[in-house]
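Participant: One structure follows; several queries about it will come next.
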Amino acid sequence: MTQIFREGLLDETVAIVTGGGTGLGFGIAVEMARYGATVVLASRKPKHLDPAVEELRSRGARVLAVQTNVRDPESVRAMVQTAIDEFGRVDVLVNNAAGNFYAPSAELSPNGWRAVVETDLYGTFFCSQAVHPSMAKHGGGRIISISMTLHYRGWPQMAHATAAKAGVDALTRTLALEWARDNITVNAIAPGPVPTTGAQRAFATGEGNVRPIDETMRRAIPLGRWGTPEDIADLAVYLAGPAGSWITGAVLVVDGGSSLAQPLP
Ligand code: NAP
């Protein structure tokens, strides 16, 4: 992998990554650890957390996994307290955990709606609120939420996720204003299509097969390739490091131009 930033850029940085055991979250944890951060992976399932911890440790990272349900404020508070007990403070929070599935709005159950909105939006708020005291006490911090671009023009069968991520964008701007006085920057990254396990079904012709970029795909992604976890993770490292110190309230799109182009077929 290409090294974009200087060695040790995130030394002395403690970063929580929700949903850090899989997909983009794991990619962000790997990149942050690579530049020296201590990472705390927070999600529900040991089957996601355990192999991620093992992989990060094998790369020499300082890492802790905490079983967490971001929908539950008590679980979130306990996770943040564990991170503080272990490492003294929290410098960076990456709100990456999310749930998603395609469902026609006319048939979407209240539970389905609630599960996605609570994970994506409530979870982002609960985690941000829980890290605020430690960040404020230690002179500042960085909150980075992983949003999306599908709500810019609407996306059929994604009412729950598009509504939740629109809320994440709004929350980003509001918290940026409220917490600037505490030197906490609050930003979001809006990825385009990155074929992670969680997203694969949306892009695939069949389970596990990512559709190759053909002419139709090129219309949907002008830069002519799917995104990679590193495309997203490098921006997260940038925002977490010194270069991000005067960026707040921004929703930064990293999508190969796809939000400007034709919808995916
Ligand atoms: P993913 O691999 O399915 O990641 C989702 C993660 O969230 C999992 O690690 C899951 O872990 C965790 N999670 C789900 N519910 C949780 C809960 N209640 N509490 C704690 N953790 C929970 O999907 P991904 O594609 O990497 O997506 C990561 C982020 O990128 C999401 O915010 C997604 O909306 C955003 N995004 C992705 C794409 C893309 O194309 N991949 C595009 C735009 C935006 P557990 O099951 O262990 O809890």
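This table checks each residue for (1) open to solvent by 40 Å² or more (accessible area, probe 1.4 Å); (2) modelled with pLDDT under 90; (3) in contact with a helix residue (DSSP H, G or I) (Cβ under 9 Å, 6 or more places away or on another chain).
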| site | (1), (2), (3) |
| --- | --- |
| Gly167 | no, no, yes |
| Arg173 | yes, no, no |
| Leu177 | yes, no, no |
| Ile184 | no, no, yes |
| Trp226 | no, yes, yes |
| Ala240 | no, no, yes |
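Participant: Return the total of residues in the range 6-31 being among the β-branched types (Val, Ile, Thr) and within 12 Å of the chain's Cα centre (by Cα).
Facilitator: Step one: list which residues in the range 6-31 are among the β-branched types (Val, Ile, Thr), which gives 13-14, 16-18, 22, 28, 30.
Those left that are additionally within 12 Å of the chain's Cα centre (by Cα): 16-18, 22, 28.
Matching residues across the range 6-31 total 5.
Participant: Which residues, counting only those in the range 126-167, are farther than 30 Å from Val14 by Cβ and not aliphatic (A, V, I, L, M)?
Facilitator: His151, Tyr152, Arg153, Gly154, Trp155, Pro156, Gln157, His160, Thr162
Participant: Take Val76 and decide whether it is touching a His at 6+ places or on another chain (Cβ under 7 Å), within 11 Å of the ligand (Cβ to nearest atom) and either within 15 Å of Thr162 (Cα to Cα) or assigned to a helix (DSSP H, G or I) (or both). Show your work before the answer.
Facilitator: Numbers: touching a His at 6+ places or on another chain (Cβ under 7 Å): no; within 11 Å of the ligand (Cβ to nearest atom): yes; either within 15 Å of Thr162 (Cα to Cα) or assigned to a helix (DSSP H, G or I) (or both): yes.
No.
Participant: Same structure again: Say we look at the range 222-265 and pick out the residues that are among the β-branched types (Val, Ile, Thr) and part of a loop (DSSP other than H, G, I, E, B); which of these is nearest to Pro191 (Cα to Cα)?
Facilitator: In this case the residue turns out to be Thr228.
Participant: Of the conditions (1) over 25 Å from Ser109 (Cα atoms); (2) basic (Lys, Arg); (3) at pLDDT 95 or above, Arg211 satisfies every one except a single condition; which number is it?
Facilitator: (3)
Participant: Next question. Give all pairs with beta carbons closer than 6 Å in which a residue from the range 15-31 that is more than 14 Å from Val92 (Cβ to Cβ) meets a residue that is more than 7 Å from the ligand (Cβ to nearest atom) and not small (Gly, Ala, Ser); count only pairs at least 6 apart in sequence or on separate chains.
Facilitator: Close Cβ pairs satisfying both conditions: Gly21/Leu41; Leu24/Pro229; Leu24/Ile232; Gly27/Pro229.
Participant: Another question, if that's okay. Restrict the check to the range 112-128 and report whether at least one residue is away from the ligand (no atom under 12 Å from the Cβ), of a type in the set (D, E, K, R) and at pLDDT 95 or above.
Facilitator: Of the range 112-128, the ones away from the ligand (no atom under 12 Å from the Cβ) are 112-113, 125, 128.
Subset that is of a type in the set (D, E, K, R): none.
For the range 112-128, residues away from the ligand (no atom under 12 Å from the Cβ), of a type in the set (D, E, K, R) and at pLDDT 95 or above: absent.
Participant: Also: Quickly run through the range 46-73 and pick out the residues that are in a helix (DSSP H, G or I) and either of a type in the set (Lys, Arg) or under 16 Å from the mean Cα position of the chain (by Cα) (or both). Walk me through how you get there before you give the answer.
Facilitator: Step one: list which residues in the range 46-73 are in a helix (DSSP H, G or I), which gives 46-58, 73.
Scanning the range 46-73 gives Lys47, His48, Leu49, Ala52, Arg57.
Participant: Looking only at the range 151-199, how many residues end up being among the aliphatic types (A, V, I, L, M), in contact (Cβ under 8 Å) with a residue 24 or more places away in the chain and within 15 Å of the ligand (Cβ to nearest atom)? Don't jump to the end; show me each part of the working.
Facilitator: Filtering the range 151-199 down to residues among the aliphatic types (A, V, I, L, M) leaves 158-159, 161, 163-164, 166, 168, 170-171, 175-177, 180, 184, 186, 188-190, 194, 199.
If we keep only those that are in contact (Cβ under 8 Å) with a residue 24 or more places away in the chain too, we end up with 158-159, 161, 163-164, 168, 171, 175-177, 180, 184, 186, 188-190, 194, 199.
Those still in the list that are within 15 Å of the ligand (Cβ to nearest atom) too: 158-159, 161, 163-164, 168, 171, 188-190, 194, 199.
Total satisfying the criteria: 12.
Participant: For the range 1-45, give me each residue that is open to solvent by less than 30 Å² (accessible area, probe 1.4 Å), part of a loop (DSSP other than H, G, I, E, B) and within 16 Å of the ligand (Cβ to nearest atom).
Facilitator: If the condition is that a residue be open to solvent by less than 30 Å² (accessible area, probe 1.4 Å), part of a loop (DSSP other than H, G, I, E, B) and within 16 Å of the ligand (Cβ to nearest atom), then Gly19, Gly20, Gly21 are the ones that fit.
Participant: Can you report the number of residues in the range 85-101 which are more than 19 Å from Asp72 (Cβ to Cβ) and either under 8 Å from the mean Cα position of the chain (by Cα) or in a strand (DSSP E or B) (or both)?
Facilitator: 1
Participant: Hey, another quick one. Within the range 148-156, is there a residue that is modelled with pLDDT of 95 or more and part of a loop (DSSP other than H, G, I, E, B)?
Facilitator: Taking every residue of the range 148-156 in turn, at least one turns out to be modelled with pLDDT of 95 or more and part of a loop (DSSP other than H, G, I, E, B).
The values are calculated or read from the model by the stated rules, or taken from the named source; none is laboratory data. Everything numeric in this text was worked out from a predicted model, so none of it was measured. Heads up, the Cβs are rebuilt from the backbone with ideal geometry, glycines too, and the neighbour counts pull from every protein chain shown. All accessible areas refer to the heavy atoms of the entire protein, side chains included, with ligands and DNA or RNA removed. Shrake-Rupley method; radii C 1.70, N 1.55, O 1.52, S 1.80 Å.
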